[in-house]
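Colleague: Once you've had a glance at the structure underneath, I'll fire off some questions.
The values are calculated or read from the model by the stated rules, or taken from the named source; none is laboratory data. What you see is a predicted model; the values in this text were computed from it and never measured. Positions of Cβ are generated from backbone atoms using ideal geometry, with glycine treated the same way; all protein chains shown enter the neighbour counts. The area values use the complete protein model at the heavy-atom level, side chains included, leaving out ligands, DNA and RNA. Shrake-Rupley method; radii C 1.70, N 1.55, O 1.52, S 1.80 Å.
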Amino acid sequence: MGFIRQFLIAAVLLGAFGAQQASARFLVSHRAIYDLALDKASDKSGITSLSGRMVYEFSGSPCEGYTTNFRYVTRINTDDVSRLTDQQTTTFEDGAGKTFSFVTKSLVDQELDKEVKGTATRGPDGITVKLTKPQKAEMSLQQTWFPTQHLVELLGKAEHGEHFYETSLFDGSDNADRVMATTVVVGKRTETKQDDPEYVALGSLKHDRYWPVTIAYFDTSGGKGSGMLPTYSISLKLHDNGITRDLLMDYGDFSVKGRLVNLATFDPHEEKCKQ
């Protein structure tokens with residue numbers, strides 16, 4: 001997802017040892033469904049109301065690689081128009097975080113608005129992105145994380161008590177032509193309380209602790225002076241198996257809340273991934 005894929009200015013180089021460390025973490029395969037609602041909107045945005053739903057599916061293992069399917073549907077109303085937006089994304093990242101393929105379709109009022117499809121490959125000096133849609137293109141970008149390894153990094157930092165750090169991310173969002181710098185703030189690990197609005201939807205995870213996390217994303221592609229303010233930010237609750245919930249997505253002129261309403265976890269297929 002543009003904001004979640006997700007989920008940093010010192011570009012971290014992933015060497016062989018780092019890849020082994022990152023891939024060792026267990027991330028649970030799951031499907032999470034979130035109800036979306038408008039948190040606030042400025043007069044500049046023109047938005048009077050917003051509602052929608054987000055579905056996020058994650059599966060895989062360090063040896064099989066990781067697949068995500070994501071759909072983000074919103075109905076946005078202004079004084080003049082009502083518009084239905086639908087973003088559909090599928091990605092695959094190999095277990096070592098060396099290759100990342102992606103396809104994103106953006107629809108407006110059920111008509112295709114944009115499709116971006118390509119593959120990014122990690123090299124010794126950066127990543128090479130090859131696009132096949134909307135047209136064939138190739139570009140070289142700075143060294144960075146792909147989404148799953150980025151999440152693994154975040155979980156590792158949280159477990160070691162690091163409350164603030166900077167890194168970067170390529171997730172194939174927008175035109176897939178830039179690396180986003182991000183800053184991450186991690187709060188104190190906390191118990192889930194029974195009056196938590198997502199308590200029932202968590203099922204067996206309702207007894208697990210989580211970290212409150214805020215990630216701000218910056219576009220630094222414009223050169224000096226660009227990226228002074230975040231393009232967007234997301235606040236969330238992060239569990240140690242990679243599940244996120246209680247989302248607050250801030251796009252500047254408006255912000256959207258995402259509340260977990262359904263969660264299903266799947267067989268981790270550990271027998272297929274003995275190393």
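Colleague: Step through the residues of region 43-53 one at a time and calculate ³J(HN,Hα) from phi using the Karplus curve (6.51 cos²θ - 1.76 cosθ + 1.60, θ = phi - 60°), rounding each to whole Hz and writing x for Gly and Pro.
Modeller: Per residue, the Karplus-derived 3J(HN,Hα) values read 4, 4, 5, x, 7, 9, 7, 8, 8, x, 8 Hz.
Colleague: Then there's this: What are the ³J(HN,Hα) values, in whole Hz, obtained from phi via the Karplus relation 6.51 cos²θ - 1.76 cosθ + 1.60 with θ = phi - 60°, for each residue of region 76-86 in sequence order, with x given for Gly and Pro?
Modeller: 10, 10, 10, 5, 10, 8, 10, 10, 9, 10, 9
Colleague: Determine the share of the chain's accessible area contributed by carbon and sulfur atoms, expressed in whole percent, with a 1.4 angstrom probe.
Modeller: Carbon and sulfur: 49 percent of the exposed surface of the chain.
Colleague: Suppose each label sits 7 Å from its Cα in the direction of the beta carbon; what would the residue 82-residue 185 distance come out to in nanometres?
Modeller: It works out to 3.7 nm between the two label points.
Colleague: Here is the link list: 98/136; 188/257; 40/157; 130/157. Which ones come out longer than 24 Å on Cα distance?
Modeller: Distance filter (> 24 Å) returns 40/157; 130/157.
Colleague: Pull out a ≥ b ≥ c, the square roots of the eigenvalues of the alpha-carbon gyration tensor of region 164-207, then state rounded if a/c is under 1.5, prolate if not and a/b is larger than b/c, and oblate in the remaining case.
Modeller: Note, shape of region 164-207 comes out oblate.
Colleague: What's the magnitude of the charge dipole for the chain around its Cα centre, counting Lys and Arg as +1 and Asp and Glu as -1 at the beta-carbon? Answer in Debye, nearest 20.
Modeller: Roughly 260 debye, rounded to the nearest 20.
Colleague: I've got another one for you. Write down the accessible area per residue of the chain in Å², having rolled a 1.4 Å probe over the full set of protein chains.
Modeller: I get 50 Å² per residue for this part.
Colleague: Assigning unit charges at the beta carbon (Lys, Arg +1; Asp, Glu -1) and nothing else, what dipole magnitude in debye, to the nearest 20, does region 124-275 show about its Cα centre?
Modeller: 120 debye
Colleague: What is the chain by shape, rounded, prolate or oblate, if you read a ≥ b ≥ c off the alpha carbon gyration tensor as root eigenvalues and call it rounded for a/c under 1.5, prolate for a/b larger than b/c, and oblate otherwise?
Modeller: Rounded is the answer for the chain, as its axis ratio a/c remains below 1.5.
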